[in-house]
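Have a look at the structure below before the remarks.
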Amino acid sequence: MKISLGSDHAGFEQKEQLRAYLEQLGHDVCDRGCYSEDRVDYPDIAKLVAGDVSQGLAERGVLVCGTGIGMAMAAGKVHGVRAANVTSQEFATLSREHNDANVIALSGRFVDLEENERILDVFLATDFAGGRHAGRVDKI
Ligand code: RB5
């Protein structure tokens, strides 16, 4: 799957590790930064990743900041992007089945790497359930 990936400084370390994990699984990953632990503003990175998804350059987006909250807020402003701040595997499932989330915003400070890998496994493997959820998503 073509995936656009990004983080701010607070998510940088996990973003690097998650890029390696996704590539090891065979995904085509576009790394939109940041590229060091120097401070950056998370909305700038969210805009790049969300733009890739909005324009069809990537099927899914993955963002990492301290909490995932700011990234989800910023990415969700981009037309066609449904960004979910996810901190558990169950929420990853529901973000796909009920909300057809196309961008996931992870916490690099409060969720460990192993759990974020499992969360990504679920996010990438789970289909939108459609049905009664489709009309609701259309209203967003
Ligand atoms: C950076 O300190 C922090 O505010 C950011 O990574 C993120 O958690 C914002 O939502």
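Read the figures in this text as sums done on the coordinates, not as results from a lab. In this text, all values refer to a predicted model and were calculated from it rather than measured experimentally. Neighbour counts are summed over all protein chains in view; Cβ atoms, including those assigned to glycine, are modelled from backbone coordinates with ideal geometry.
Each label was represented as a point 7 Å from its Cα along the Cα-to-Cβ direction; for ALA129 and GLU13 these points are 3.7 nm apart. The magnitude of the dipole of region 78-138, with charges of +1 and -1 set on the Cβ of Lys/Arg and Asp/Glu and taken from the Cα centre, is near 300 debye. How many angstrom lie between the Cα centre of region 87-101 and the Cα centre of region 117-138? Result: 6 Å between the Cα centres.
Taking the Cα centre of region 27-140 as reference, the dipole from Cβ charges on Lys and Arg (+1) and Asp and Glu (-1) amounts to some 580 debye.
Quick one: net charge of ASN99's neighbours, Cβ under 15 Å, K/R +1, D/E -1? Show your work: numbers first, answer last.
On the way: positive: ARG60, ARG82, ARG96, ARG132, ARG136, LYS139; negative: GLU90, GLU97, ASP100, ASP127, ASP138.
Local charge sum for ASN99: +1.
For the chain, adding -39500 (n - 2.57) for each run of n ≥ 4 DSSP H residues and dividing by the number of residues yields -13500 deg cm²/dmol at 222 nm. The tail of the calculated P(r) for region 1-106 beyond 17 Å holds 46 percent of all Cα-Cα pairs.
Going through region 5-85, which GluC sites (Glu not before Pro) have at most 16 other Cβ atoms within 10 Å and a DSSP loop state?
In loop regions of region 5-85 (DSSP not H, G, I, E or B), the sparsely surrounded GluC sites (Glu not before Pro) are GLU37, GLU59.
Projecting the Cα atoms of ILE140, SER88, SER7 onto the charge dipole of the chain, computed from C-beta unit charges around the Cα centre, puts ILE140 farthest toward the positive end. Would you please name the trypsin sites (Lys or Arg not before Pro) within region 1-88 that are DSSP coil residues with at most 11 other C-beta atoms within 10 Å of their C-beta? Passing sites in region 1-88 are ARG39. Kindly list the residues of region 5-39 that lie in the label zone of ARG109, defined by a backbone N under 11 Å from the point 7 Å along the Cα-to-C-beta vector. It comes to 9-11, nothing else. For the pair ASP38 and LYS2, a Förster radius of 30 Å applied to the C-beta separation gives a FRET efficiency near 0.65, rounded to the nearest 0.05.
What chymotrypsin sites (Phe, Trp or Tyr not before Pro) does region 51-140 have in DSSP loop regions with at most 13 other beta carbons within 10 Å? Here the chymotrypsin sites (Phe, Trp or Tyr not before Pro) that fit, given the DSSP loop and packing criteria, are PHE110. Mean separation of Cα pairs under 8 Å and 6 or more residues apart, divided by the residue count, gives the chain a relative contact order of 24 percent.
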